[in-house]
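A.B. asks: Mind having a look at this structure? Questions to follow.
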Amino acid sequence: MAVTAATAALASGPSPQRRAGLGPWFALAPMLGWLLLFVIVPTLMLIVVSFSERDSLGRVIYSFNIENYLRAFDWKWLKILGISVWYAFLTTVICLILGYPVAYFIGRSSERVRGLLIMLVMIPFWTSFLIRTYAWISILSQEGLLNALLMTLNITSAPIGFMYTPFAVVLGLVYNFLPFMILPIYTSVEKLDGSLIEAAYDLGARPARVFGQIVLPLTKPGIAAGILLVFVPAIAMFAITTLMGGGANPTIGEVIQNQFTKARNQPFGAALGVLLLAIFLFSLWLSTKFRRGEED
Amino acid sequence: MKKQHTKLMAAACAGALLLAGCGKKDDTLKLFCWSEYVPQAVIDKFTEETGIKVSVENYASNEEMLAKLLAGGGAYDLIQPSEYTIQAMTKEGLLQELDQEKIPNLKNIAPEFRNLPYDPGNKYSIPWMAGFVGIVYNAETVTTPIVGFTDVFKPEHAGRIVILDDSREIVSWALATAGIPVNDVSDQNLATITPMLKDWLSKVKVYDSDSPKTAMSNGDTDLGVVWSGEGALLFAENPKFQWVMPAEGVHMFVDNLAIPKTAQNKDKAEAFMNFILRPDISKMISDEFPYYNPNAEARKLLSAEQLNNPASYPPGFDVTKAELFTDIGEQASKVDELITTIKVQ
């Protein structure tokens, strides 16, 4: 909140001292260059390709027609998009429910323990997410570890088909994205002013009220950032959904990947990509609104 | 002044980057090949014997290879396309003619794998490995006889089937079952097989082209329509995984090595081709990836166990009878859309 206030002050008007020379631009140059090269130029290329055609080998023929977009609004692609958004929504909700208490606990523990716990959250990043997903396959498959355990304990008599189900997909997504929910919320919790909480208790508030009126509003920026970091990449994720879901219910990420790697139809893939981008921008706008709301 | 100085600096930096990028001619052999298809030991041995360094980049489908090659990213010296892609690429003049004098080991290739219709006279390509798409089933859980595709997609097998995640392949099985030539993917024929595909795909549990054997060996599926190499690995792991050449018709694929027009190290690429055609090297490939080896001299070195694997070398099967894919151009997109549509229904 302090940061947003500062930015607002900055934006309100140029003060003489703020008019720096080229220095800041030099400092910003690497980031601006990076943004230009790897965000703006590729996005523009995507938009250009999405209005183009392709030849029989899949080479892009630059032209201008909206056919790819017309095709994209067919029910089947929208249904696939709907399923992907649903998976991403479920993933986000579960990550929030599981991640918030963890982040809060880590953020409120002593500094020494905190470092250790945060490291535990980060450790999975040391291994590629693909390898970790393959590990889930050997746990969940019919001849896997979980079924072996359940059958040894006589909980089930026949193996349960966990793999290649929506359950497996959401589990894979939640597992992969949970740290992206914990870390931003943790940052907000860590910055919480403990005296505010003490004051609330001193004034006779019960824990539920302290949480609802003090803790939750103050950690809202972290929640918003976490939701964004989980929801947006989860919609477009294709590797985990293919491996865990078995490809019978393709997600929009899988469909887009197919256009580029199998169907020789980059322009259509690009059009779907642009639509996805529009959804991302919409969720970004929603999340900024959400964060603004807390200032009012 | 200061501004000008900055501009100069920027120009100098850009210049330096460009120089670093293209100043020195790169003499590494750049191999662009399928993932899980070229044993590292073969590459190491090539470098050891010739001193030529090899860099490897992988792809997972012919279309992915085409897209990356045609986008101009990275000048590849050697690529590994399947038969129909060779056909499409030669038609567009994207491959270099081979200097056959530099590839004397081509004589080791069995006559039925030389001079195939997609590349008459092996002007542009040499075969790497061939294989089939067939049926694998777990004989412990499947007790009814399986002879063809219609047996696989029976109601009692619903939810226990893994198939290749490859729209062209899936469509070809339905075409063969309907008695239509597998390369005849006209709109009308696609419409004809749509009801059959809807019925089939509603029973499929897993789509996987990269490693369909995983779902089989993990017990998540009982039947599969998969690459013969995958079937061979499953059979070698446990003979309960039986291999069947589908009665409706068998499609054969032949993967090749070829040199794109944009290659910078043609001599080295040809040296690599000649190297892998050596019987002892070709055997190393067979040891790791048990597909059908078109190299007749290498086959003589294989063990009885390898040759008796019914998925690698189907007994009594005449490879000249198997159908090869031809390029279907833009229809590929329609085939893909048809399969995707059916999947989400």
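A.B. asks: Taking neighbour Cβ counts within 10 Å as the exposure measure, how do A:261, B:192 sort from fewest upward?
C.D. replies: Listed from fewest to most nearby Cβ atoms, that is B:192, A:261.
A.B. asks: May I pose another question? If you average the alpha carbon positions of the range A:69-123 and of the range B:106-128, how far apart do those two centres end up, in angstrom?
C.D. replies: The two parts, judged by their Cα centres, are 53 Å apart.
A.B. asks: Okay, next question. Counting only DSSP beta bridges with both residues in chain B, what percent are antiparallel, rounded to the nearest 5?
C.D. replies: Here the share of antiparallel DSSP bridges comes out near 55 percent.
A.B. asks: Taking the beta-carbon count within 10 Å as an exposure proxy, list B:225, A:60 from fewest neighbours to most.
C.D. replies: Values: B:225 26, A:60 19.
Starting with the residue having the fewest Cβ neighbours, the order is A:60, B:225.
A.B. asks: Need one value for A:50-63: mean number of C-beta atoms belonging to other chains within 10 Å of its residues' C-beta atoms.
C.D. replies: Neighbouring Cβ atoms belonging to other protein chains average 4 per residue here.
A.B. asks: Now for a different question. May I ask for the angle, rounded to the nearest 10°, between helix B:331-344 and the longest principal axis of chain B, with both axes built from Cα atoms and the value confined to 0 to 90°?
C.D. replies: Long axis of B:331-344 versus the principal axis of chain B: about 50 degrees.
A.B. asks: Under 18 Å from the 7 Å Cα→Cβ point of residue A:148, by amide nitrogen: which residues of the range B:194-230?
C.D. replies: Under cut-off, by backbone N: B:214-221.
A.B. asks: Right, another one. In whole percent, what relative contact order does chain A give with Cα contacts below 8 Å and a gap of six or more residues?
C.D. replies: 26 percent
A.B. asks: How big is the Cα convex hull of chain A in projection, averaged over all directions, in nm²?
C.D. replies: Values: hull surface 92.8 nm².
For chain A, averaging the hull's shadow over all directions gives 23.2 nm².
A.B. asks: Using Cα-Cα distances under 8 Å and only pairs 6 or more residues apart, what relative contact order does the range A:29-162 have, in percent?
C.D. replies: 8 percent
A.B. asks: Once you wrap a convex hull around the alpha carbon atoms of the protein assembly as shown, what is its projected area averaged over all directions, in nm²?
C.D. replies: Working: hull surface 149.7 nm².
Reported value for the Cα convex hull: 37.4 nm².
A.B. asks: Now for a separate question. Give me a single rounded figure for A:263-274: the average over its residues of other chain Cβ atoms within 10 Å of their Cβ.
C.D. replies: 3
A.B. asks: In addition: So, with +1 on the Cβ of K and R and -1 on the Cβ of D and E, and no other charges, what is the size of the charge dipole of the range A:14-125 about its Cα centre, to the nearest 20 debye?
C.D. replies: 400 debye
A.B. asks: What distance in nm lies between label points placed 7 Å from Cα along the C-beta direction at residue A:290 and residue B:40?
C.D. replies: Between residue A:290 and residue B:40, the label points sit 4.3 nm apart.
A.B. asks: So, in Å, what gap is there between the alpha-carbon centers of the range A:153-226 and the range B:247-270?
C.D. replies: The range A:153-226 and the range B:247-270 have Cα centres spaced 53 Å from each other.
A.B. asks: Right, another one. Modelling each spin label as a point 7 Å along the Cα-to-Cβ direction, I'd like the residue A:39/residue B:300 distance in nm, to one decimal.
C.D. replies: For the pair residue A:39/residue B:300, the computed spacing is 6.4 nm.
A.B. asks: Taking the Cβ-Cβ separation of residue A:203 and residue B:194 as r and a Förster radius of 45 Å, what is the calculated FRET efficiency to the nearest 0.05?
C.D. replies: The formula returns an efficiency of 0.05 here.
A.B. asks: Pick from A:36, A:140, A:81 the residue whose mean-square fluctuation is largest in a GNM of chain A, springs joining Cα atoms under 10 Å.
C.D. replies: A:36
A.B. asks: Show me, for the range A:134-148, the HN-Hα J-couplings you get by feeding each phi into the Karplus relation (A = 6.51, B = -1.76, C = 1.60, θ = phi - 60°), rounded to Hz, glycine and proline as x.
C.D. replies: 4, 4, 4, 4, 6, 7, 8, 5, 4, 9, x, 5, 5, 5, 4
A.B. asks: Within 10 Å of each residue's Cβ, count the other Cβ atoms and sort B:207, A:201, B:59 from fewest upward.
C.D. replies: Ranked by crowding around the Cβ, least crowded first: A:201, B:59, B:207.
A short reminder: the numbers here are calculations on the coordinates, not readings from a lab. Predicted, not measured: the structure shown is a model, and the values here were computed from it. So basically every Cβ, Gly included, is an ideal-geometry build from the backbone, and we count neighbours across all protein chains shown.
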